[in-house]
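First the structure, in the form of structure tokens, and then the observations on it.
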Amino acid sequence: MFGFIRKTLSSIYTQFTSKVRTLFTRSVVDQETLHELEKILISSDTGISTTRTIITNLKAQVANGSIAQGSDLHKALGEQLVALLKVRPYDYTADIYLLVGINGSGKTTFAGKLGFWLKGQHKKVLFIAGDTFRAAATEQLNSWGQKIGIPVVIGKEHQDPASVVFAGCEQFKTGDYSALIIDTAGRLQTKVNLMKELEKIKRSIEKQLPGKKIATLLTIDAMLGQNSFEQAKIFNESTHVDGLILTKMDGTGKGGIVFSIIQELQIPVAFISYGEQPEQLSLFNPEQYVTDLLSE
């Protein structure tokens with residue numbers, strides 16, 4: 001499922017995998033080896049707190065003899081990383097998907113891919129173009145709708161997004177739809193009024209569609225490092241985030257921040273999005289992700 005990781009994350013494999021794998025070939029693992037691993041993790045943007053947790057656990061295993069050589073370290077590190085990614089599994093049973101994230105994080109592209117995936121699950125899907133402040137976002141979502149055969153509820157430019165969502169929820173009820181995807185404006189964490197608007201939209205959905213399960217999904221550019229952590233933190237404080245979407249996985253940069261976000265904010269990864277085609281979307285699998293990350 002995740003064969004694309006090795007093909008697309010060349011920067012991560014240069015900065016992380018190739019370096020860490022040199023440690024796996026050592027005949028003896030000592031404190032100096034763990035110090036080198038610590039530097040590699042931090043340089044990959046895994047975060048100070050998360051890195052310390054990993055290294056502390058590994059040091060204990062070296063002390064008790066569980067880790068003696070490189071192959072032991074390989075196995076133990078893999079187990080540590082998988083445990084971090086599995087802190088809280090994502091529930092894929094939502095009826096309504098509220099997509100949030102800053103401009104340029106890949107929300108609208110993910111909306112199209114998610115709609116395509118849900119249609120493959122035999123769902124009748126409806127889009128709502130809730131980003132009324134950026135005409136290009138509406139046009140992009142409408143293009144996706146035409147491409148994959150999903151109707152789109154569109155308002156007027158600069159119309160109150162909550163009113164567009166209201167109209168979309170009404171169409172959802174009368175049209176016998178089974179899945180609703182709402183694309184929202186790209187909110188900068190410093191714009192409190194936009195965050196309040198997001199809260200208003202969510203309350204409106206809950207009032208109009210009681211009993212329907214809502215998943216708030218945050219799209220983050222997987223390559224932005226610490227900036228992605230700060231985005232996740234702010235959004236999670238403003239509106240509870242149910243899952244993360246790692247977008248632009250075909251870019252370059254550092255991806256260790258994913259482990260930090262999951263451990264410190266307790267938000268699971270739901271999907272990985274890469275490329276521009278409808279089918280370029282994968283459900284997140286922690287074991288396979290780590291296997292690909294640490295393998296040759």
Margin query: For the condition small (Gly, Ala, Ser), modelled with pLDDT of 75 or more and touching a Leu at 6+ places or on another chain (Cβ under 8 Å), what is the one hit in Ala222, Ala215?
Written below: Ala215
Notebook entry, point to check: Taking Thr138 and the conditions (1) in contact (Cβ under 8 Å) with a residue 40 or more places away in the chain; (2) crowded, with 22+ Cβ neighbours inside 10 Å; (3) not in a strand (DSSP E or B), which numbered condition does it fall short on, given that it satisfies the others?
Noted result: (1)
Next item on the list: Answer yes if at least one residue in segment 168-186 is open to solvent by 50 Å² or more (accessible area, probe 1.4 Å), modelled with pLDDT of 90 or more, more than 30 Å from Ser44 (Cβ to Cβ) and not in a helix (DSSP H, G or I), and no otherwise.
Entry: yes
Note to self: Considering only segment 85-93, I want to know if a residue exists there that is over 26 Å from Gln171 (Cα atoms) and free of Cβ contacts under 8 Å to residues at least 24 places away in the same chain.
What the structure shows: no
Checklist line | Count of segment 119-135 residues which are open to solvent by 50 Å² or more (accessible area, probe 1.4 Å) and either assigned to a loop (DSSP other than H, G, I, E, B) or among the hydrophobic types (A, V, I, L, M, F, W, C) (or both) | finding: 6
Next item on the list: Would you check if there is a residue in segment 249-267 being modelled with pLDDT of 80 or more, open to solvent by less than 50 Å² (accessible area, probe 1.4 Å) and within 30 Å of Gly149 (Cα to Cα)?
Entry: no
Next item on the list: Report whether or not Lys59 is in contact (Cβ under 8 Å) with a residue 12 or more places away in the chain and open to solvent by 10 Å² or more (accessible area, probe 1.4 Å).
Entry: yes
Next item on the list: Any chance you could count how many residues in segment 145-163 are open to solvent by less than 50 Å² (accessible area, probe 1.4 Å) and touching a residue at least 40 places away in the same chain (Cβ under 8 Å)?
Entry: 3
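The values are calculated or read from the model by the stated rules, or taken from the named source; none is laboratory data. On a predicted model such as this, the values are computed, not experimentally measured, just so you know. Methodologically, a virtual Cβ is constructed for each residue, glycine included, from the backbone with ideal geometry; neighbour enumeration extends over all protein chains shown. Side chains are part of the model used for accessible areas, which takes the heavy atoms of the whole protein and leaves out ligands, DNA and RNA. Shrake-Rupley method; radii C 1.70, N 1.55, O 1.52, S 1.80 Å.
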